[in-house]
Each structure stands twice: as structure tokens, then as C-alpha cells.
Amino acid sequence: MWLRILAAAGTIGFLSLSLTIGTVAVGVPMPNASTTPKPTVKATGGRATGRVSWVRSDKGPAFGSKRRQQQAEAERRLMDAIVRCLEMYEEQCLLLDSTDLRLVLDYEEASSIAQSLVVQLDLPDPTPHFGPDPKVNEWKMLAVGFPIWLWTGGPRTLSATETSSGVTFNLTARWRSTTFTMGDGRTVTCTAMTKYSNSVKPGSASPNCGYVYTNPSLPGGSYTVRATTNWDVAWSALGYSGVLPATHSGSRLLPIGELSALNR
């Protein structure tokens, strides 16, 4: 949301400028632009950043009389700070606190920023794994009617802290399930997965995530198995919070043959 404050300078017009503060834009009068240097406002954490630029459009006031009063007070504090900044022409002179930021950044906007950050999360590799691994037998394939264990690797929970528009977001992603598209027109969705190991008795089915093919892919080729991991990402910032869905996909070829072919 763009917050815009305008003030007249003298009786013969004024030059209107805006200072962009993350998602906040504040317009203020500028003395003689041809002779007065433009201040640069820098920031770390809660400080504003960027050069003074032209005023941008606004989206209108917040709803609710109490919120309007709070926003008006925040606007007053921002205006006072910017006027002091312009008068002193110091490089670092504007400080925003979290209360002011909350008044100019509503839940929908915070949620929208969170969505963009969720897309950038480095979720674990979703490439599907098969047990037993077809690469370790001499035929380099698995067989029709043979129980196959399915899983994806990586942690089931991860956390990250990201900063956008001058606001720090805390993100926690929790794995919910993995959907395997088996390449033969069927899918398997698992909310728990067990990794196959050499201690497993041959021919044993997975206790929670497995599949059995009924038709071979050979000699025509291999099935393309696609795994999509499904995540719930909890976010919080400026007292706001929510949960957003996220997915990550990977694929792998899996050759499936007939048992009778192995016996020839």
C-alpha cells in the first residue's frame, strides 16, 4: 500500500517528491530543486533505503475509524521525520519502528509478500527413490508384481528468515505428504515414507509407501515416475501470521519388466 502525504510550500506551488520506504511512499515538499542537493536515505533493518523519487499513486485510506486515527498518527510521525531529514540533509536520519510499518502494511499485503518468499524457499530434493534400486541388479530394472518401496529424501521440517520490503519474515516449512505419479496412469499419495535398506527381506512390501506394477514398460522404454512433495509453510511478520501451501517436484525413469523375461 502506498501512503502519500503532501504539503504545500509557499503560495506559488511546490515540487512534490516521495520517499520510498519498503512499501511506504511519502510525498513531501522540496525546496528549490535546482540549487538544493537531494538527500540520500540509507537503511539497515528498520531504516529506510533508497533515493528520493517521484510520488507514486496510493490505494486509499485504511478502513475503520480507530485504524484511520492510528494511521494518521503514523503519517504525522513519518512526516515529521522526513521534514527533519530534508532540513538536515544527513545521509541517515529516518527511523521507522514496527508499529508504523504495521499501520501501512496490512495482512493481505504481508501475505502476498510471504507468498513470494515461499516460492524462493530451498525445499529438499524431491527426486523419487525406489527400493530395491534397479541399478544394483544385473538387469537394471524391477519386475511386474514385485513390491516397490517409494520415498523422497531430505528433512521434513526446515526454517528460514527472509527480509522483503524492509520487513523480516520467519518461515517454517513442514512436509505434509508426497504424491507419486507412477507413469502408468496411477498415483500414490503417502503421508509417511520408509527408506528401503539391505536388511529388508526381498519381496517385502513397504509398511507405508509402496507400489506394485501390473504392466511392464519394457521393451518399449521406462516409466517416468514423478514425485511431488507437499508442504505447509507457516509465516509470521509484524504480528501477522498464516500458513501457505508449497510443492516441489522431481522425476526419475523406472524400467519395469516381466518376470518371465528374467527366467529365459
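What follows is calculated from the coordinates using simple rules that are stated; it is not laboratory data. Predicted model, so just to flag it, every value in this text is computed and none were measured. Heads up, the Cβs are rebuilt from the backbone with ideal geometry, glycines too, and the neighbour counts pull from every protein chain shown.
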13 Å beta-carbon shell around Ile113, net charge (K/R +1, D/E -1): -4
When the stretch 119-263 is reduced to its Cα atoms, the Kirkwood hydrodynamic radius in Å: 16.9
Neighbour-count order for Thr163, Thr229, Thr127, Thr181, fewest beta carbons within 10 angstrom listed first: Thr163, Thr127, Thr181, Thr229
Residues whose placed amide H lies under 5 Å from that of Ser177, excluding near-sequence neighbours: Asn230
Mean Cβ neighbour count within 10 Å, used as a protection proxy, ranking 199-211, 142-154 highest first: 142-154, 199-211
Reciprocal mean inverse distance between Cα atoms of the stretch 188-264 - Kirkwood radius, Å: 16.3
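Would you mind ranking Glu75, Glu138 so that the residue whose beta carbon has the fewest other beta carbons within 10 Å leads the list?
Ranked by crowding around the Cβ, least crowded first: Glu138, Glu75.
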